[in-house]
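To start, I am sharing the structure in question, which I have written as structure tokens.
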Amino acid sequence: MDEGTIEDFREFLCAPWKTTRFLEWRDGSCLLAVAAIDIAANALSAVYTWYEPEQSCRGLGTFAILQQIAYAQRHGLNWVYLGYWIEAHPKMDYKRRFHPLEILGTDGWQHLE
């Protein structure tokens, strides 16, 4: 999405067949982070989160997930899906910090330690 157009953005994140919400966090007028989430009947799907790179020391990615969990609880949703995960990928390994954690494999849902 670094060089994406507005239309690329819309196609990636928005579709008429799903309910997408954008959560944002600010420090005064400064936009710190945005999370795109999809809402299903009983779950929230964390689609994509981006944040101000100069504020990376604040743990904004972790904060965004905790806020998405809180959003799901407030709206009576049973599950939060953290999306795709590639083992040992540095930008995705943060997902291992959240428990209970399950992955969908060839044998169905399995707990991940």
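When region 55-64 is examined, which residues are found to be within 15 Å of the chain's Cα centre (by Cα) and touching a residue at least 12 places away in the same chain (Cβ under 8 Å)?
Correct list: L60, G61, T62, F63, A64.
Please count how many residues of region 2-45 are assigned to a strand (DSSP E or B), in contact (Cβ under 8 Å) with a residue 12 or more places away in the chain and in contact with a strand residue (DSSP E or B) (Cβ under 7 Å, 6 or more places away or on another chain).
Qualifying residue count for the region: 18.
For region 28-51, what are the residues that are in contact with a helix residue (DSSP H, G or I) (Cβ under 8 Å, 6 or more places away or on another chain) and either exposed (fewer than 15 other Cβ atoms within 10 Å of the Cβ) or basic (K, R) (or both)?
The answer is A43, Y48.
Restricting the first residue to region 81-106 and requiring it to be assigned by TED's automatic domain parsing to the domain that holds A36 and farther than 21 Å from A43 by Cβ, which pairs with a second residue that is assigned to a helix (DSSP H, G or I) and not β-branched (V, I, T) meet a Cβ separation below 7 Å and a spacing of at least six or different chains?
Between residues of region 81-106 that are assigned by TED's automatic domain parsing to the domain that holds A36 and farther than 21 Å from A43 by Cβ and residues that are assigned to a helix (DSSP H, G or I) and not β-branched (V, I, T), there is no close pair.
From Q67, Q73, grab the single residue that is part of a helix (DSSP H, G or I) and without any contact (Cβ under 8 Å) to a residue 12 or more places away in the chain.
None of the other options fit; the residue is Q73.
Let me ask another. Pick from region 85-113 the residues that are among the aliphatic types (A, V, I, L, M) and part of a loop (DSSP other than H, G, I, E, B): which of them is nearest to P53 (Cα to Cα)?
M92
Restricting region 75-113 to residues that are modelled with pLDDT of 90 or more and under 17 Å from the mean Cα position of the chain (by Cα), which is surrounded by the most Cβ atoms within 10 Å (Cβ to Cβ)?
This residue is V80.
The values are calculated or read from the model by the stated rules, or taken from the named source; none is laboratory data. Here the structure is a predicted model, which means the values were calculated and not measured. Because the Cβ atoms are built from the backbone with ideal geometry, glycine has one as well, and the counts that use them run over all protein chains shown.
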